[in-house]
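Q: Before I ask anything, let me first share the structure, which is written out below as structure tokens.
The values are calculated or read from the model by the stated rules, or taken from the named source; none is laboratory data. All of these numbers come straight from a predicted model, not from anything done at the bench. For neighbour counting, all protein chains shown are included, and Cβ atoms are generated from backbone atoms with ideal geometry for every residue, glycine included.
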Amino acid sequence: MAVDRSETLEYEPHIGESRQYWRDIILGVNDGLVSVFLLVVGVVGGGLTPDQVLLTGIAGALAGAISMAAGEYLATKSQDEVFDAELELERFHIEHFRDAEMAQLGDFFRDMGVAREDLDAVLSGFKNNDLALLNAMAALEFGVVESERRSPYRAMLASGLLFLLGSMTSVLPFALFTTNKTALVWASTLTLAGLFAVGVIKATVARTSTIRSGLENMVIAGLGGLAAWVIGALVGTGLG
């Protein structure tokens, strides 16, 4: 006898309105952690004094945050403008080439697995409903769902502020300690811990392996830090 397990299962909600901003969240904080750390490691390897390293780190953190924020704002706004133009053209198509749009919608549903004998029933709800047809074509042809569209301002703030937050693991140690060696040890420790934490958070949201994701984030930055040190030392030696 089959046992109904549905009553013992717990419904797990989706992450909701923050979903479309996770790219900005992860990219912002991760880029702040990695890029400023590599910058600091490179100039330490190049022989700069602690005060010079601190100034370089602050400048890199501010420049990176502003660049990241501006870039995300412009990219998101431009993407929205392209979507709006495409949707306006789609309205024109629905008004003047409705049969072609209905045929295209049928193709999309067939690609999704709707059986040919069920297609007429599925399409019947769109034949005399311009708004439903526009929303369906927006989602299936352009990948545009209104609730998933990103605000340029939120994307800008998420990327810029989180870049600045991530960069602090490399900047603060040089503000607190007077020797490059001690400050760099702390910067390395805090940055790797931050990268591991970001990997764990990302994996928790994505429902993948937290340990693997955290270690992957750490290894990438570690290898980058080693390369930055070597390049910085070679450049510093070359400059005398």
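Q: Against the condition small (G, A, S), in a helix (DSSP H, G or I) and over 32 Å from the mean Cα position of the chain (by Cα), how does A100 come out, does it pass?
A: Numbers: small (G, A, S): yes; in a helix (DSSP H, G or I): yes; over 32 Å from the mean Cα position of the chain (by Cα): yes.
Against the criterion (small (G, A, S), in a helix (DSSP H, G or I) and over 32 Å from the mean Cα position of the chain (by Cα)), A100 qualifies.
Q: A further question follows. Give the residue that is modelled with the lowest pLDDT, with candidates limited to residues of region 26-63 that are under 18 Å from L234 (Cβ atoms) and in contact with a Phe, Trp or Tyr (Cβ under 6 Å, 6 or more places away or on another chain).
A: The selected residue is G45.
Q: Something else about it: Within region 119-147, track down each residue that is surrounded by 12 or more Cβ atoms within 10 Å (Cβ to Cβ) and among the acidic types (D, E).
A: Scanning region 119-147 gives D130, E141.
Q: I need every pair where a residue in region 143-154 that is closer than 17 Å to L133 by Cα has its Cβ under 6 Å from the Cβ of a residue that is among the aromatic types (F, W, Y) and surrounded by 11 or more Cβ atoms within 10 Å (Cβ to Cβ), sequence separation at least 6 or different chains.
A: V144/F83
Q: Just for region 22-54: of the residues that are among the small types (G, A, S) and not in a helix (DSSP H, G or I), which one is surrounded by the most Cβ atoms within 10 Å (Cβ to Cβ)?
A: Just the residues of region 22-54 that are among the small types (G, A, S), to begin with: 28, 32, 35, 42, 45-47.
Right, trim to not in a helix (DSSP H, G or I) and you get 46-47.
On the way: G46: 21, G47: 15.
The extreme case among them is G46.
Condition check ((1) surrounded by 16 or more Cβ atoms within 10 Å (Cβ to Cβ); (2) modelled with pLDDT of 80 or more; (3) more than 16 Å from R23 (Cα to Cα)) across all residues:
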site: S159; (1), (2), (3): yes, yes, no
site: L162; (1), (2), (3): yes, yes, no
site: V171; (1), (2), (3): yes, yes, yes
site: A175; (1), (2), (3): no, yes, yes
site: V185; (1), (2), (3): no, yes, yes
site: T189; (1), (2), (3): no, yes, yes
site: A203; (1), (2), (3): yes, no, no
site: R212; (1), (2), (3): no, yes, yes
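Q: In addition: What are the pairs with Cβ atoms under 9 angstrom where one residue, in region 200-218, is more than 18 Å from I25 (Cα to Cα) and the other, located anywhere, is of a type outside the set (A, V, I, L, M, F, W, C)? Sequence gap at least six, or different chains.
A: Going by the 9 Å Cβ cut-off, the qualifying pairs are I211/G199; R212/G199; L215/G199.
Q: Quick check on this structure: which one of G199, G160 is within 23 Å of the chain's Cα centre (by Cα) and either acidic (D, E) or within 21 Å of V219 (Cα to Cα) (or both)? Break it down into steps so the answer makes sense when it comes.
A: On the way: G160 fails: either acidic (D, E) or within 21 Å of V219 (Cα to Cα) (or both).
Just one listed residue meets the conditions, G199.
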